[in-house]
Amino acid sequence: MADQERLVRTLIEMIKIDSPSGEEDAMDREVSSRLAALGLKVSHDSYNNVIASLPGQGQPVMLSAHLDTVEPGRGIKPVIDGGVLRSDGSTILGGDCKAGVAIVLEALTAALEPGGSNRAIEVVFTRHEEGGLVGAHHLDFSMIKSKEGIVFDGEGPPNRICVSAPSQNVVTATITGRAAHAGLEPEKGISALIIAAEILGRLPLGRIDEETTANIGRLEGGLKRNIIPEQAFLDGEFRSRDNEKLADVERKFRSVFDEVASRYREAKIDLEIVNTYQAYHVAADSQAVATIGRALAGMGLEPILESTGGGSDANVFIEKGITAIPVGIGVRDFHTTWETAVISEVLLGAQMCEAVIRGT
């Protein structure tokens, strides 16, 4: 059976390994070693995603989490505060997604104790998820046989099952005006920041409807206070669970940029809008939901099927034909220095995962 003390020890050990996006080698070595010690065959694809397999009964099920964390995520000092794990406040905790990794490792450890049986299992630990699902996009799907699975990367308890998530388009724009001395001849300048401000004031931003959002998260520009700023850079996104709405927002974004550009003909605006992942909708009566539901039922938990505004590796897996659904990992306040992991809920995640591995 999943053991809380062992699980917490594993989670803390994982959290203490620095693994910001792009720097996952130490985590890779640790999880690969642990998976091999449990008897799994461990491989890597060309992007160095971890792919491990375990023979067993029936069709394989994929268990997935990602190895990287966001910043500030170096030198994390985890603290147990009652039944909650948190950082010392100077960094994130890294429960996203170290709790998911620890859940899978503990579930495998418990399920593979002598005398039991197990389903065929594939474990996929991706890299660089936080940078735009990069590891999943580079995953060698020819190495994976599973057609269903679980992505351990959701907020809250493990009976929160995310059956719908949005598409995302990333927006970047470089605006080039003309520099001039702000005190001597400002009339000769064209302020890239003023152009950016006009664009920002016209874009549809924030909550557009219940399944559509848009945001410009970064604006950079200018060199010094006495120079009319020649360049500005905008970095943003928009998302929707409805691709027609996504296309409508894209049309509105392009229209705003074109309209403002027409008013500043001596400036240059380079706009790029790129889709990074596609929306998914999984039916409540799908086999993947049923697999999770059976495991939860054995624990006396009712599944809660939810939609989200966030993306995960699940978006890529489902697009590639693997119905792998995110579930909660006991973590709250992802990507903040007040992030927490509720130990009892992380344990529930391990117990649920163990039941899936056992096929009960």
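The values are calculated or read from the model by the stated rules, or taken from the named source; none is laboratory data. This is a predicted model, so every value here is computed, not measured. Positions of Cβ are generated from backbone atoms using ideal geometry, with glycine treated the same way; all protein chains shown enter the neighbour counts.
Annotations for the structure displayed:
- Residue in the range 297-308 that is assigned to a strand (DSSP E or B) and acidic (Asp, Glu) present: yes
- Of the residues making up the range 246-269, those that are surrounded by fewer than 19 Cβ atoms within 10 Å (Cβ to Cβ) and either basic (Lys, Arg) or closer than 11 Å to Ala173 by Cβ (or both) number 8.
- Test result for Leu11, part of a strand (DSSP E or B) and either touching a Phe, Trp or Tyr at 6+ places or on another chain (Cβ under 6 Å) or closer than 20 Å to Ser312 by Cβ (or both): no
- Of all residues in the range 331-360, those satisfying the criterion of being touching a Leu at 6+ places or on another chain (Cβ under 7 Å) and either among the aromatic types (Phe, Trp, Tyr) or under 18 Å from Ser87 (Cα atoms) (or both) are Glu339, Thr340, Ala341, Ile343, Val346.
- Those residues of the range 14-58 which are part of a loop (DSSP other than H, G, I, E, B) and within 20 Å of Thr69 (Cα to Cα), in sequence order: Lys16, Ile17, Asp18, Ser19, Ser21, Gly22, Glu23, Glu24, Tyr47, Asn48, Asn49
- Test: residue in the range 84-106 that is in contact (Cβ under 8 Å) with a residue 40 or more places away in the chain and more than 28 Å from Gly131 (Cα to Cα): no
- Scanning the range 91-118 for residues that are farther than 18 Å from Ala65 by Cα and touching a Pro at 6+ places or on another chain (Cβ under 7 Å) returns a single hit, Thr91.
Every residue, every condition in (1) outside the structural domain of Val151 (by TED's automatic domain parsing); (2) modelled with pLDDT of 95 or more; (3) closer than 26 Å to His138 by Cα, yes or no:
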residue: Phe257; (1), (2), (3): yes, yes, no
residue: Ile269; (1), (2), (3): yes, yes, no
residue: Ile304; (1), (2), (3): no, yes, no
residue: Ser312; (1), (2), (3): no, yes, yes
residue: Glu319; (1), (2), (3): no, yes, yes
residue: Val342; (1), (2), (3): no, yes, no
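- Within the range 280-301, the residues that satisfy the criterion of being of a type outside the set (Ser, Thr, Tyr) and crowded, with 16+ Cβ neighbours inside 10 Å are Val282, Ala288, Val289, Ile292, Gly293, Ala295, Leu296, Leu301.
- Single residue of His44, His66 found to be surrounded by 23 or more Cβ atoms within 10 Å (Cβ to Cβ) and either in contact with a His (Cβ under 8 Å, 6 or more places away or on another chain) or under 30 Å from Gly321 (Cβ atoms) (or both): His66
- Residue check for Gly321: crowded, with 20+ Cβ neighbours inside 10 Å, small (Gly, Ala, Ser) and under 24 Å from Glu122 (Cα atoms): no
- Strands (runs of 3 or more DSSP E) enclosed by the range 183-270 - at least 3 residues per element that are in contact (Cβ under 8 Å) with a residue 24 or more places away in the chain and within 23 Å of Pro166 (Cα to Cα): 212-221, 231-240
- Candidates Thr360, Thr308, Thr336 - the one that is of a type in the set (S, T, N, Q) and in contact with a Cys (Cβ under 6 Å, 6 or more places away or on another chain): Thr308
- Conditions (1) more than 27 Å from Arg239 (Cα to Cα); (2) among the aliphatic types (A, V, I, L, M); (3) touching a helix residue (DSSP H, G or I) at 6+ places or on another chain (Cβ under 7 Å); number of the one not met by Ile325: (1)
- Residues that are surrounded by fewer than 16 Cβ atoms within 10 Å (Cβ to Cβ) and under 19 Å from the mean Cα position of the chain (by Cα), drawn from the range 1-17: none
- Residues considered: Gly94, Gly83, Gly73. Of these, the only one that is small (Gly, Ala, Ser) and out of contact with any helix residue (DSSP H, G or I) (no Cβ under 8 Å at 6 or more places or on another chain) is Gly73.
- Selection over the range 289-330 of residues that are within 24 Å of Val84 (Cβ to Cβ) and without any contact (Cβ under 8 Å) to a residue 60 or more places away in the chain gives a count of 2.
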